[in-house]
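Data first, discussion second: the structure below is written as structure tokens.
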Amino acid sequence: MELNTLTIHELQEQLKSGQTTALQVAEAVYNRIGSVEERVHSYIRLMKEEALAAASKADEDIKKGFIKPLTGIPVALKDIVCTKGIPTTCGSHILHNFVPPYDATAVEKLREAGAVFVGKANMDEFAMGSSTETSFFGVTRNPWDLERIPGGSSGGSAAAVAADECIASIGSDTGGSIRQPAALCGVVGLKPTYGRVSRFGLIAFASSLDQIGPFTKDVEDCAIMLNVLAGYDPRESTSVPAEVPDYRQFLGRDITGWKIGIPREYFIEGIDPEVAAAVKKAITVIEKCGGRCVDISLPHTEYCLAVYYIIAPAEASSNLARYDGVKYGLRTAEARDLLDMYKKSRTQGFGMEVKRRIMIGTYALSSGYYDAYYKKASQVRALIRNDFAAAFKQCDIILTPTTPTPAFKIGEKVDDPLQMYLSDLFTISSNLAGIPGMSVPCGFTAAGLPLGIQFLAGHFEEGKLIQIASAYEKNASIEKRRPNL
Ligand code: GLN
């Protein structure tokens with residue numbers, strides 16, 4: 001087995017026993033990058049020099065018996081988390097030259113846990129998208145079919161794990177940007193509860209929805225990554241000072257007697273028949289594990305997409321007001337006066353999709369329209385949250401497809417925003433409600449494209465997600481395949 005194809009827990013064993021070194025692992029990862037990156041394009045920037053130095057340092061630590069949860073493990077970072085001294089672009093021209101003076105808390109935690117940073121992963125510009133086609137730095141391709149999208153917005157983070165160009169990665173999820181690409185690339189992805197992982201140093205898209213979370217090759221690795229990322233951060237006002245359990249303790253635990261809610265509103269017309277069949281099969285696996293499926297209703301589901309596409313652009317229009325060419329980022333070379341400088345810098349710096357969101361958001365927040373749009377959307381958001389609260393009185397976990405379809409072709413939806421927005425039909429509701437969600441691979445289509453199922457749990461019940469995902473993973477015996485690159 002090549003080292004870059006192994007999981008975190010497998011590598012930990014090998015590193016601890018001295019069977020392999022962190023430097024060998026890092027080299028295996030960069031060799032793989034050397035042979036496939038040109039076709040997949042998971043990364044905006046590689047950090048090879050830093051990574052090899054970090055790996056050598058990890059080897060010294062291991063020799064001294066000083067081993068932390070991620071010592072020597074190559075991890076990719078979505079280019080939306082600030083990295084001190086390393087350019088952080090958010091996939092945008094406007095930040096193409098931005099070098100943060102500090103690390104995001106998530107980056108700091110990973111570093112402290114011993115991770116070796118492979119590079120900054122590609123993404124849709126400012127995390128707005130479902131296909132990683134809107135990046136200023138070019139598209140990322142799905143490792144399972146290079147003609148297809150890897151999902152988005154964290155498409156680079158997902159593709160890098162699927163293509164074995166890193167061992168694990170982090171992304172951000174505002175409406176599905178971890179779970180959707182995880183499903184389409186055949187890896188595990190988890191969006192934590194809002195407040196579980198610090199957003200300090202995460203470049204803001206929609207601050208009331210954004211969360212950082214892991215992409216991994218299996219459920220155990222997901223628990224390991226979440227152990228590192230989760231926790232209170234005094235520098236981030238919405239991070240919650242709740243206790244962080246050891247998520248590994250939930251692995252392999254029995255789920256007998258658990259009630260699994262199947263929301264009838266999620267099994268609608270238009271969902272791909274292969275997706276529907278895969279979810280049906282997953283339900284039988286869960287039942288074999290001792291789970292009991294119950295029919296539940298989330299009555300306001302039909303409003304989720306509309307509510308999201310008011311609230312997320314509204315927050316984005318406010319968050320992105322800071323990019324004005326003054327302190328950092330792109331500044332136009334041809335300004336007549338100050339106002340002209342703002343206008344031209346923003347015109348040249350932002351792509352089409354980002355401009356669309358800024359316009360929608362500005363409109364929704366403008367006086368005279370605020371009550372009809374933003375305020376109304378916030379009220380409906382409360383109803384959506386209540387739907388979940390009521391549902392979790394009847395069940396322990398909710399099970400849904402992660403996405404309505406497998407990965408679509410590059411270019412297929414990029415000019416049709418409404419079709420693109422529908423990719424997140426099943427993932428957006430949990431961001432609106434603030435609850436955690438996880439996508440786990442559940443098989444392949446006849447054409448060999450990976451599919452995922454989604455588990456949702458109540459606030460701060462990531463442990464339950466790990467528990468059911470681990471039971472599912474063990475019993476589903478999904479064929480272990482690797483993309484043929
Ligand atoms: N695809 C959704 C959007 O475009 C969600 C993106 C995300 O989660 N960052 O807004």
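Return the total of residues in segment 324-353 being touching a residue at least 40 places away in the same chain (Cβ under 8 Å), farther than 24 Å from Pro101 by Cβ and among the aliphatic types (A, V, I, L, M).
1
For segment 477-484, state whether one or more residues are among the aliphatic types (A, V, I, L, M) and touching a residue at least 60 places away in the same chain (Cβ under 8 Å).
Among the residues of segment 477-484, not one is among the aliphatic types (A, V, I, L, M) and touching a residue at least 60 places away in the same chain (Cβ under 8 Å), which makes the answer no.
Hey, can you tell me all the residues within segment 144-167 that are closer than 21 Å to Cys90 by Cβ and more than 11 Å from the ligand (Cβ to nearest atom)?
Correct list: Ile149, Pro150, Gly156, Ser157, Ala158, Ala159, Ala160, Val161, Glu165, Cys166.
All but one of (1) surrounded by 24 or more Cβ atoms within 10 Å (Cβ to Cβ); (2) more than 16 Å from the ligand (Cβ to nearest atom) hold for Thr134; which doesn't?
Only one criterion in (1) surrounded by 24 or more Cβ atoms within 10 Å (Cβ to Cβ); (2) more than 16 Å from the ligand (Cβ to nearest atom) is unmet by Thr134, namely (2).
Mind checking which residues of segment 197-224 are more than 16 Å from the ligand (Cβ to nearest atom) and closer than 30 Å to Arg322 by Cβ? Talk me through it step by step, then tell me what you get.
Start the filter on segment 197-224 by keeping residues that are more than 16 Å from the ligand (Cβ to nearest atom), which leaves 198, 200-201, 216-224.
Listed by number, the residues that qualify are Ser198, Phe200, Gly201.
List pairs: first in segment 237-260 and assigned to a loop (DSSP other than H, G, I, E, B), second among the acidic types (Asp, Glu) and buried (at least 17 other Cβ atoms within 10 Å of the Cβ), Cβ under 7 Å, 6+ apart or cross-chain?
Filtered contacts from segment 237-260: Ser239/Asp233; Leu251/Glu220; Trp258/Asp396.
So, Thr427, is that one surrounded by fewer than 23 Cβ atoms within 10 Å (Cβ to Cβ), in contact with a strand residue (DSSP E or B) (Cβ under 8 Å, 6 or more places away or on another chain) and of a type in the set (Ser, Thr, Tyr) or not?
No; evaluated as a whole, the condition is false for this residue.
Do we have any residue at all in segment 416-437 that's closer than 20 Å to Pro181 by Cβ, more than 14 Å from the ligand (Cβ to nearest atom) and either in a strand (DSSP E or B) or modelled with pLDDT under 95 (or both)?
no
May I ask you to verify whether Gly72 is surrounded by fewer than 18 Cβ atoms within 10 Å (Cβ to Cβ) and either more than 22 Å from Glu38 (Cβ to Cβ) or within 17 Å of the chain's Cα centre (by Cα) (or both)?
Taking the combined requirement at face value, the residue does not satisfy it.
Consider only pairs whose beta carbons are under 6 Å apart and that are at least six residues apart or on different chains; among these, list those whose first residue lies in segment 201-223 and is assigned to a helix (DSSP H, G or I) and whose second residue is polar (S, T, N, Q) and away from the ligand (no atom under 16 Å from the Cβ).
The qualifying pairs are Val219/Ser470; Asp221/Thr7; Cys222/Thr216.
From Phe126, Phe98, which residue is surrounded by fewer than 24 Cβ atoms within 10 Å (Cβ to Cβ), in contact (Cβ under 8 Å) with a residue 40 or more places away in the chain and either closer than 24 Å to Pro192 by Cβ or more than 16 Å from the ligand (Cβ to nearest atom) (or both)? Quick ask: steps written out before the conclusion?
Working: Phe126 fails: surrounded by fewer than 24 Cβ atoms within 10 Å (Cβ to Cβ).
Of Phe126, Phe98, the one residue that is surrounded by fewer than 24 Cβ atoms within 10 Å (Cβ to Cβ), in contact (Cβ under 8 Å) with a residue 40 or more places away in the chain and either closer than 24 Å to Pro192 by Cβ or more than 16 Å from the ligand (Cβ to nearest atom) (or both) is Phe98.
If you check Thr89, Thr140, which single one turns out to be under 19 Å from Asp415 (Cβ atoms), more than 13 Å from the ligand (Cβ to nearest atom) and crowded, with 24+ Cβ neighbours inside 10 Å?
Thr140
Give Leu339, Leu298 a once-over and let me know the one that is modelled with pLDDT of 95 or more, over 30 Å from Arg385 (Cα atoms), among the hydrophobic types (A, V, I, L, M, F, W, C) and more than 16 Å from the ligand (Cβ to nearest atom).
Leu339
Checking Leu305 against (1) more than 16 Å from the ligand (Cβ to nearest atom); (2) touching a Leu at 6+ places or on another chain (Cβ under 8 Å), only one condition comes out false. Which one?
It fails just one condition, (1).
Within segment 254-276, track down each residue that is basic (Lys, Arg) and surrounded by 14 or more Cβ atoms within 10 Å (Cβ to Cβ).
Across segment 254-276, the qualifying residue is only Lys259.
What is the residue count in segment 287-316 for residues that are in a helix (DSSP H, G or I) and buried (at least 21 other Cβ atoms within 10 Å of the Cβ)?
11
Scan segment 392-415 for residues that are of a type outside the set (A, V, I, L, M, F, W, C), more than 13 Å from the ligand (Cβ to nearest atom), farther than 26 Å from Val294 by Cβ and assigned to a loop (DSSP other than H, G, I, E, B) and jot them down.
Thr405, Pro406, Gly411, Glu412, Asp415
Specify the residue that is farthest from Leu422 (Cα to Cα); the eligible residues are those in segment 157-199 that are small (Gly, Ala, Ser) and part of a loop (DSSP other than H, G, I, E, B).
Ranking the candidates gives Ser198 first.
I'd like the full set of residues that are assigned to a helix (DSSP H, G or I) and touching a helix residue (DSSP H, G or I) at 6+ places or on another chain (Cβ under 8 Å), limited to segment 324-353.
Ser345, Arg346, Gln348, Gly349, Glu353
The values are calculated or read from the model by the stated rules, or taken from the named source; none is laboratory data. Computed from a predicted model, the values in this text were never measured in an experiment. So basically every Cβ, Gly included, is an ideal-geometry build from the backbone, and we count neighbours across all protein chains shown.
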